[in-house]
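Below is one structure; the comments refer to it alone.
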Amino acid sequence: MAPSWGRRSPAPAVGGIGRSGGGGPWAEGQKGPVRRGGGCRRLEDSRQVQLHTPRDPWLSGPLEYRPRGPPRDRGSGVPLCFHLDNAVIGALIGRAGTKIRELEDSSGSKIQIVRGASEAEVKIFGNNDTQNKAKMLIDDLVKRCGQNYPEDRTERDFGKCYSTESCRDLVKSGIGSHKSVINWASLRENKAKYEAMKWADLSPVEKNFYKESPEVSSIPKEEVEKWRKENNNIICDDLKEGEKRHIPNPVCKFEDAFKYYPDVMANIRKVGFEKPTPIQSQAWPIILQGIDLIGIAQTGTGKTLAYLMPGFIHLDSQPIPKDQRGGPGMLVLAPTRELALQVEAECSKYTYKSIKSICIYGGGDRKGQINVVTKGVDIVIATPGRLNDLQMNNFINLKSITYLANEADRMLDMGFEPQIMKILLDVRPDRQTVMTSATWPDGVRRLAKSYLKDPMIVYVGTLDLAAVNTVEQKVVIIPEEEKRAFMRYFIDTMKPKDKVLIFVGKKLTADDLSSDFSLQGIPVQSLHGNREQCDREQALDDFKKGRVRILIATDLASRGLDVQDITHVFNFDFPRNIEEYVHRVGRTGRAGRTGEAVTLVTRNDWRIASELINILERANQV
Ligand SMILES: Nc1ncnc2c1ncn2[C@@H]1O[C@H](COP(=O)(O)OP(=O)(O)OP(=O)(O)O)[C@@H](O)[C@H]1O
C-alpha cells in the first residue's frame, strides 16, 4: 500500500515515532511524522531525518521522514553526498519539513539529512540529473543563508561520495573557495601558537626574594608540626603534580621574613604589630619564594597583609625599572567597592619606596581613575567590573602585571568569574598569584585550579569552614513577626561602647529598618548596593568613626570589611549559606579581639540551621 503522510497529529498518548518524548505540536494541516505504534506502519523506504530547527525547539531528535508517493527512480542508487554546517540545516529542512519537500518536488530526488555534532551529512538519492538539480537548489539556499562550505573541506569529504572529477568540479565551481566558517578545530590546534605569539616579548620577572634565616631553617621538624598544631591547626600542602616541594618553616617573628628589607620592618614597627598572625607566619616564606599560594584563614586574621608585604618587595625587586614597566606591576582584585577601598587604605598605611596605588571601582570617578592610571601607578586595587571597563577601552595595560592577589570566595558568589577570566586573558601567565579566602567551598577550589600555577595551600583553622572562634555566637529561634521587637530590645540594651553591624537579607529591609530607627530618634546608617557610592562611603565612615554605632547592611558588607571595634554582629535575617554566615560573624572579633554574634533563626531558615549548629559546635559555642 502506497505510504501516506501521517496526518498532523496531536502529541500522541504513546511515544511519538523516533522522537523522544512524543510527536511535536505540528501546525494544523502540516504533514507530520507518522506515529509508530498505535496504528502507524514502518515503511520499506523510511528515512531517519534529524530535524534541528532552532525555530521549533520541540523538534529535536531523530524523526521518521517518509517520502510522498512511492520512491522514484533512485538512479544508480549511489547517493550524492556532502556535509553542511548544522547552522543551515534548519533552513534546508524548513518548518516541519516544508522546505526539504519542496526541494524534493522541484528536483525529483529524495533527500536524507543526518545531523552530527557540528555538521550534518546530506545524501541525495536519484539519477544524476535529479541529484545535480537538487544539489544546485541546495547550494543556492545555502548561499542565501550567508553560509558557505568550510573551505578546509578536503577531497576526503567530497570524495567520500563524489568521484574525483566531480570533487574537482566542485572546487572549480568555486564551492570550496568560499569564505570559511570559523574553523574551531584549527583554532584549538593553534591556541598554543597564538599564546606563544601573544607573550613572546615579555620582560624578565624575578619572584624569589626569600633568604631563610638560620634560626628558622634550624627549627626541628617536630617543633614545626607542634607550632602549626597550636596555631589554629595550620595545615600546608603542595598542590604541584609529581614530586612535592619542601614546605618552608613558618616565621614566628617579622624579622625572620623581612630582616633584609628595612623599609618593611620600619612600616611594621610604625603600626605596632607584635608578631605575625598564623596565616602570615606560614604564607610569607612561601610567597617570598615566588610560589603561588592559596591562603585559607579565618576572617580578621591579617590575610591582606599576608599578600601586601611580599607584593611591595616583589614590585621593588624587578629587573625592569618601574618607569619602563609600561603599566602597573601588582593587581589586587576585590569583590566589593568597600573592600577595594579598605585594601587600598591598608596599602596606604605603608609607605614603601614611593610605591603608588590606586583603587579602581564602579561608582568612583572614572575619569580621575583613568588619569591616575595613565600617569603611571604601581598597584591597582580594583573591583572586576570597572577594571574590565578600563581594560576593554585600553585605558590600562595589564600585561605588565607580575603579581596578582585576590579575595576569592566573595568573587565567586557574586558571579565575578567571567570578568576575572576576561581580566586574566591580559595578565601574563608567568605571574605570581596569591588567592586568599576565609572559606574553601567547591567553587573556590575550581577557581584556584583554573588560574594558579603549581600553588601551595595553607589552611588555618578548620578545613572546610573557618568558623570564627573568637566570637561568642548565639542563636535565637524566633517567629518572623517577633524579630523587630527582639531587635529593638537588643538595641535598647546596648552598652555605650557597643558598636553593632546588623545584617539583613534585602536592600529594602535595610532601608525599612533604618528609617524606622531614624523615626525613633536612633542614629543609624545603612549600606547596600542601591545606595549612591558617596552615601555608601559616608555610611561606612560614620560607622568607623563612631558617629553612628549601628550600621544596617546587606551582605555587601559581609566580606572583608575591617572595622576595628565592632562588638556585635546581629543577623536580623539568616544568611543565604553558611559561608556567608562565617563572613558576617567575622566582622567582629578581628585581629585577636573578641566579639559577639546574635543570629535570629525562623522556621524558614531551618534547612541550614543544622549546618550552623555544626559550625557552632566546632567553634565550641554549644
Ligand atoms: N600581624 C598582625 N598583628 C595585628 N594586627 C594585624 C596583623 N596583621 C594585620 N592586622 C590587622 O588585622 C585587621 C584584619 O586584617 P585583614 O582585614 O587583613 O583580615 P582578613 O583576614 O583579610 O579578614 P577578612 O577575611 O574579613 O577579609 C586589620 O586591621 C589589620 O591591620
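Since every read-out is calculated from the coordinates, none of them should be taken as a lab result. Quick caveat: nothing in here was measured; it's all calculated off a predicted structure. Note that we place each Cβ from the backbone using ideal geometry, even for glycine, and neighbour counts take in every protein chain shown.
Modelled spin labels at Lys143 and Ser515, positioned 7 Å past Cα toward Cβ, are 6.6 nm from each other.
From least to most packed, judged by other beta carbons within 10 angstrom and beginning with the fewest, Trp284, Trp440 follow the order Trp440, Trp284. Normalised by residue count, segment 471-619 yields a Cα convex hull volume of 107 Å³ per residue. Separation of segment 252-326 from segment 181-248 is 16 Å, based on Cα centroids.
Would you mind pulling out the separation of the Cα centroids of segment 523-553 and segment 334-397, in Å? Each part reduced to its Cα centre gives a spacing of 22 Å. DSSP beta bridges fully contained in segment 214-460 are about 15 percent antiparallel. Remark: the Asn233-Asp454 segment gains 77.2 nm on full extension, using 0.36 nm per residue and subtracting the alpha carbon distance.
Our summary of shape: the Cα atoms of segment 236-379 have principal axis extents of 47, 39, 31 Å, ordered from largest down, in whole angstrom. Converting the Cα gyration tensor eigenvalues of segment 80-143 into ellipsoid dimensions via √(5λ) gives semi-axes, longest first, of 17, 13, 10 Å. From the cross-link list Lys253/Lys453; Lys399/Lys544; Lys507/Lys545, which pairs have alpha carbons spaced over 25 Å apart? Violating the 25 Å Cα-Cα cut-off are Lys253/Lys453; Lys399/Lys544. Electrostatic tally near Lys506: other residues with Cβ closer than 12 Å to its Cβ, Lys and Arg +1, Asp and Glu -1, net -2. For segment 214-460, the C-alpha radius of gyration divided by 2.2 N^0.38 Å, with N the number of residues, is 0.98.
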